[in-house]
Structures are given as structure tokens and as C-alpha cells.
Amino acid sequence: MKRFLPLGIFLVLAVFLAAGLGLNPREVPSPLIDKAAPPFRLPQLQDPGKSLGTEDLKGKVWILNVWASWCVACLEEHPILVEFSKQNVLPIYGLNYKDTPEAALKWLGKHGNPYTLSMEDRDGRVGIDYGVYGVPETYVIDRNGIIRYKRIGPVTVQILEQKILPLVRQLQG
Amino acid sequence: MKAVFAILLLVLCAQSAAREAPSAAADPVLEERVIKLTSDLRCLVCQNQSLADSHADLAIDLKNQVRSQMQAGKSDAEIRDYMVARYGDFVLYDPPFKSSTLLLWAGPFALMLIGLAGLAVYLRSRRRRLPAAELTPSDRARAEALLRGGSGSEPQ
């Protein structure tokens, strides 16, 4: 009996360590889930004379996707978003985070534009309000302007199909 | 020519240095408050650094945010709440005690209690295993001889 004790302790440690390896320390639970989306009004990327605000989006379920032309990981999710936008399930609004309009427009021209509209957050102030710390980030916001889901890091096909789509269908009722 | 060049170089250096740290020089008392508060806040981009230590883009933005809120007369507690509302308790290096952080705060003490209980069980079982040493009459006689200063002859 006694001689198996070290083996037992080892197994318990191994299980804990294996579980720990599977966790992602970058996935910080957001305190914004089920809270009202922080209000903003920002100039539109394509037409800076016009603005867009959270007020204008009340009554629809929409996605807010934080992106930037300097963001390497954004390229990873971009084709998925472009494909998804063609299905017209819900509007995707882009928050162009700490970018220049020239670089942003060039990037969209090169990689495709999945966004209904993009807004310019040049100083990143709105990003701070949304707790952005690792671009890309994606939020699903419901008809009442409540944040229902947040994804930190690139959206994958799996996340889109298993998390985002079922939630959106439920929210659209 | 060399002198002109040297002066030019000096002027350029002085300019770049002057542009480096406008905020720190402006108000040292405020800057100290900023550093003190941001030392207790975690940088989310480089998670093992505090906001004060980090040079990540976001950390600099957040430091500026802290500075401007302080200039606007906000208290440290208000600024900390502002950060927690956006990034969660995770930004605090000193997280509050509540149900979700129970394991974090109480865990080490629980482990210590388990350890102490294990030690108590072990000591008790050891005492049971080792019989108390008892002296035979001949041991006693030898000990008395030693105490008296004798050489204490070998028994048998």
C-alpha cells in the first residue's frame, strides 16, 4: 500500500498540471458580460463626416469587432468574418482600434470588408471602455444594448458555429 | 566645422531629451500618486507586470488615463473602480475577498491545515510504533555508576 503512495501523489499532481496547461491565462473573464454596452459616438471610417453611436443600434442584435491594420491575429479571423458577413445573419460593426484611416482602408481593400460600417477609435478611448486589451476582440450585443458574449482573440469557425451563432439565433428569437 | 557639428548634435540631443518626459516633470507629486496606484494594477497585455512597470501600448494609455483622471480630481478608489468595471478584479494585484476569490485567499490556509493534520497523524502513529524506552535493573546500575564518576564496567 505504502509503496503506491508516491505514485498516487504523482498522479494527482499530473492531473492538476494537465488541467492547468489547458487553461488560457489570457482569457480574463470580462465584467462587461450582461452589462450595458458602454455608449460611444465615433466618426465612421469610410466617411469621417458622419458618425455612428450605440444609440443608432438599439433594437438590433449586432456584433462589435475590434480590429486594426497593425494587428496580426486579425488576419487569422478575417476570412471567417468575411465569409460570415455574406450570410447576412446580423450586422457586424468594426471598431478600428488605434489605427490610421489610410492604413485601415488599405487593409480592408486588400483583405475584404465584412463590416456594415467601421468606426474610428484613434486614441483607443472607446477600446478602454470596452476593456479591450488583445485585438481582435468580438462582442455580441443584444436588442437592448446589453453585451451577451465577448471573445478575446481571433474568432474561429468552431467558436462562430458553436457559440456565436446559437446565441445570435436565440437573441433574434 | 567640428565645433558647429558638435553644437548641432548637442541641440538635437537636448531636444529629443526634452520631448521624452513631459508629464513626469510637470507635477512630481501627481506622478508619484500615478506610480503608486498603477503599481497595484496589472498590465493585461504582459500579465506579470504592473501597469507602472509596463511599456506596452495599452499600459501607457491606461497610465495616461489614470493621470488625467487624477488631474480631474478623482480619488484612488474611484480610479480603481473604473479599471475593475472594465477589466474585472483581475487587474488588481490585491483582489477583494468574495466567493469567486475564496479559493485564492483561503486555499493556502486550507493547505496548511491539511499539512498540520497530516503531521499530527504521523506523529501519533510513530509514538505508537516506538515503545517507550525502559531501563533494565542492570542499565540503571550502570547509569548510577557513571553518575558517581566511576568508569561503569561493561555489563556481562
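The values are calculated or read from the model by the stated rules, or taken from the named source; none is laboratory data. Bear in mind the structure is a predicted one, so any value in this text is a computation, not a measurement. Ideal geometry is used to build each Cβ from the backbone, glycine not excepted, and the neighbour counts take in all protein chains shown.
Which members of segment A:127-138 meet the condition of being within 13 Å of chain B (Cβ to nearest Cβ) and either surrounded by 20 or more Cβ atoms within 10 Å (Cβ to Cβ) or of a type in the set (S, T, N, Q) (or both)? Let's see the steps before the verdict.
Of segment A:127-138, the ones within 13 Å of chain B (Cβ to nearest Cβ) are A:127-135, A:137.
Result: A:Gly127, A:Ile128, A:Tyr130, A:Gly131, A:Val132, A:Tyr133, A:Val135, A:Glu137.
Can you tell me which residue in segment B:66-87 is nearest to A:Glu137 (Cα to Cα), limited to those that are facing chain A (nearest Cβ under 9 Å) and free of Cβ contacts under 8 Å to residues at least 12 places away in the same chain?
So, considering only residues that are facing chain A (nearest Cβ under 9 Å) and free of Cβ contacts under 8 Å to residues at least 12 places away in the same chain, the one nearest to A:Glu137 (Cα to Cα) is B:Arg86.
Mind checking which helices (runs of 4 or more DSSP H) fall wholly inside segment A:67-135 and carry at least 2 residues that are of a type in the set (Lys, Arg) and either more than 14 Å from the chain's Cα centre (by Cα) or at pLDDT below 95 (or both)? Walk me through it before giving the result.
Numbers: elements: A:72-86, A:101-111, A:125-129.
Those helices (runs of 4 or more DSSP H) span A:101-111.
Looking at segment A:141-159, is at least one residue buried (at least 22 other Cβ atoms within 10 Å of the Cβ), away from chain B (no Cβ under 11 Å) and not in a loop (DSSP other than H, G, I, E, B)?
Yes, segment A:141-159 has at least one match.
Look at A:Pro6 and say whether it is away from every other protein chain (no Cβ under 14 Å), within 18 Å of A:Glu137 (Cα to Cα), of a type outside the set (Gly, Ala, Ser) and surrounded by fewer than 16 Cβ atoms within 10 Å (Cβ to Cβ).
Values: away from every other protein chain (no Cβ under 14 Å): yes; within 18 Å of A:Glu137 (Cα to Cα): no; of a type outside the set (Gly, Ala, Ser): yes; surrounded by fewer than 16 Cβ atoms within 10 Å (Cβ to Cβ): yes.
Here the answer is no, as A:Pro6 does not meet what is asked.
Looking for something among the hydrophobic types (A, V, I, L, M, F, W, C), surrounded by fewer than 12 Cβ atoms within 10 Å (Cβ to Cβ), part of a helix (DSSP H, G or I) and modelled with pLDDT of 85 or more - is there at least one such residue anywhere in segment B:139-155? Before you say what the answer is, go through the steps one by one.
First, pick out the residues of segment B:139-155 that are among the hydrophobic types (A, V, I, L, M, F, W, C): B:141, B:143, B:145-147.
Next cut, surrounded by fewer than 12 Cβ atoms within 10 Å (Cβ to Cβ) only: B:146-147.
Add one more test, that the residue is part of a helix (DSSP H, G or I), and what stays is B:146-147.
Narrowing further to those that are modelled with pLDDT of 85 or more: B:146-147.
Yes - at least one qualifying residue is present in segment B:139-155.
Could you run through segment A:59-80 and say how many residues are over 25 Å from A:Lys106 (Cα atoms) and either surrounded by 12 or more Cβ atoms within 10 Å (Cβ to Cβ) or touching a strand residue (DSSP E or B) at 6+ places or on another chain (Cβ under 8 Å) (or both)?
Step one: of segment A:59-80, the residues over 25 Å from A:Lys106 (Cα atoms) are A:59-61.
Now narrow it down to the ones that are either surrounded by 12 or more Cβ atoms within 10 Å (Cβ to Cβ) or touching a strand residue (DSSP E or B) at 6+ places or on another chain (Cβ under 8 Å) (or both): A:60-61.
Adding up the residues that qualify gives 2.
As an exercise: evaluate A:Leu64 against (1) within 14 Å of chain B (Cβ to nearest Cβ); (2) under 22 Å from B:Val84 (Cα atoms) and give the number of the one condition it does not meet.
Only one criterion is unmet by A:Leu64, namely (1).
Of all residues being in contact with an Asp or Glu (Cβ under 9 Å, 6 or more places away or on another chain) and more than 17 Å from A:Val28 (Cα to Cα) in segment B:47-65, which is nearest to the other protein chains (Cβ to nearest Cβ)? Just the residue, please.
Filtering segment B:47-65 for residues in contact with an Asp or Glu (Cβ under 9 Å, 6 or more places away or on another chain) gives B:50-52, B:59, B:61.
The next check asks that each one be more than 17 Å from A:Val28 (Cα to Cα); those that pass are B:52, B:61.
Values: B:Ala52: 16, B:Asp61: 5 Å.
This residue is B:Asp61.
Residue-wise test of (1) of a type in the set (Gly, Ala, Ser); (2) within 18 Å of B:Met83 (Cβ to Cβ); (3) modelled with pLDDT of 90 or more.
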{"position": "B:Ala3", "(1), (2), (3)": "yes, no, no"}
{"position": "B:Gln15", "(1), (2), (3)": "no, no, no"}
{"position": "B:Arg19", "(1), (2), (3)": "no, no, no"}
{"position": "B:Val29", "(1), (2), (3)": "no, no, no"}
{"position": "B:Val34", "(1), (2), (3)": "no, yes, yes"}
{"position": "B:Cys46", "(1), (2), (3)": "no, yes, no"}
{"position": "B:Leu62", "(1), (2), (3)": "no, yes, yes"}
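Which members of segment B:88-100 meet the condition of being within 21 Å of A:Glu137 (Cα to Cα) and either more than 9 Å from chain A (Cβ to nearest Cβ) or out of contact with any Gly (no Cβ under 8 Å at 6 or more places or on another chain) (or both)?
If we filter segment B:88-100 for residues that are within 21 Å of A:Glu137 (Cα to Cα), which is where we start, we get B:88-91.
Scanning segment B:88-100 gives B:Asp89, B:Phe90, B:Val91.
Scan segment B:94-143 for residues that are within 19 Å of the chain's Cα centre (by Cα) and hydroxyl-bearing (Ser, Thr, Tyr) and jot them down.
Residue satisfying the conditions is B:Thr101 alone.
Return only the number of the condition from (1) assigned to a loop (DSSP other than H, G, I, E, B); (2) of a type in the set (Phe, Trp, Tyr); (3) free of Cβ contacts under 8 Å to residues at least 12 places away in the same chain that A:Phe16 does not satisfy.
Evaluating A:Phe16 over (1) assigned to a loop (DSSP other than H, G, I, E, B); (2) of a type in the set (Phe, Trp, Tyr); (3) free of Cβ contacts under 8 Å to residues at least 12 places away in the same chain leaves (1) as the failure.
Going through A:Pro38, A:Pro31 one at a time, which residue ends up being within 24 Å of the chain's Cα centre (by Cα), closer than 29 Å to A:Leu105 by Cα and within 13 Å of another protein chain (Cβ to nearest Cβ)? Give the steps one after another, and end with the answer.
Working: A:Pro31 fails: closer than 29 Å to A:Leu105 by Cα.
The conditions single out A:Pro38.
Is it the case that A:Glu76 is within 14 Å of chain B (Cβ to nearest Cβ), among the acidic types (Asp, Glu) and in contact (Cβ under 8 Å) with a residue 40 or more places away in the chain? Before the answer, list the steps.
Numbers: within 14 Å of chain B (Cβ to nearest Cβ): no; among the acidic types (Asp, Glu): yes; in contact (Cβ under 8 Å) with a residue 40 or more places away in the chain: yes.
It is false that A:Glu76 is within 14 Å of chain B (Cβ to nearest Cβ), among the acidic types (Asp, Glu) and in contact (Cβ under 8 Å) with a residue 40 or more places away in the chain.
Taking the condition in a loop (DSSP other than H, G, I, E, B) and surrounded by 10 or more Cβ atoms within 10 Å (Cβ to Cβ), does A:Pro48 pass? Before you say what the answer is, go through the steps one by one.
Values: in a loop (DSSP other than H, G, I, E, B): yes; surrounded by 10 or more Cβ atoms within 10 Å (Cβ to Cβ): yes.
So A:Pro48 fits the description; yes.
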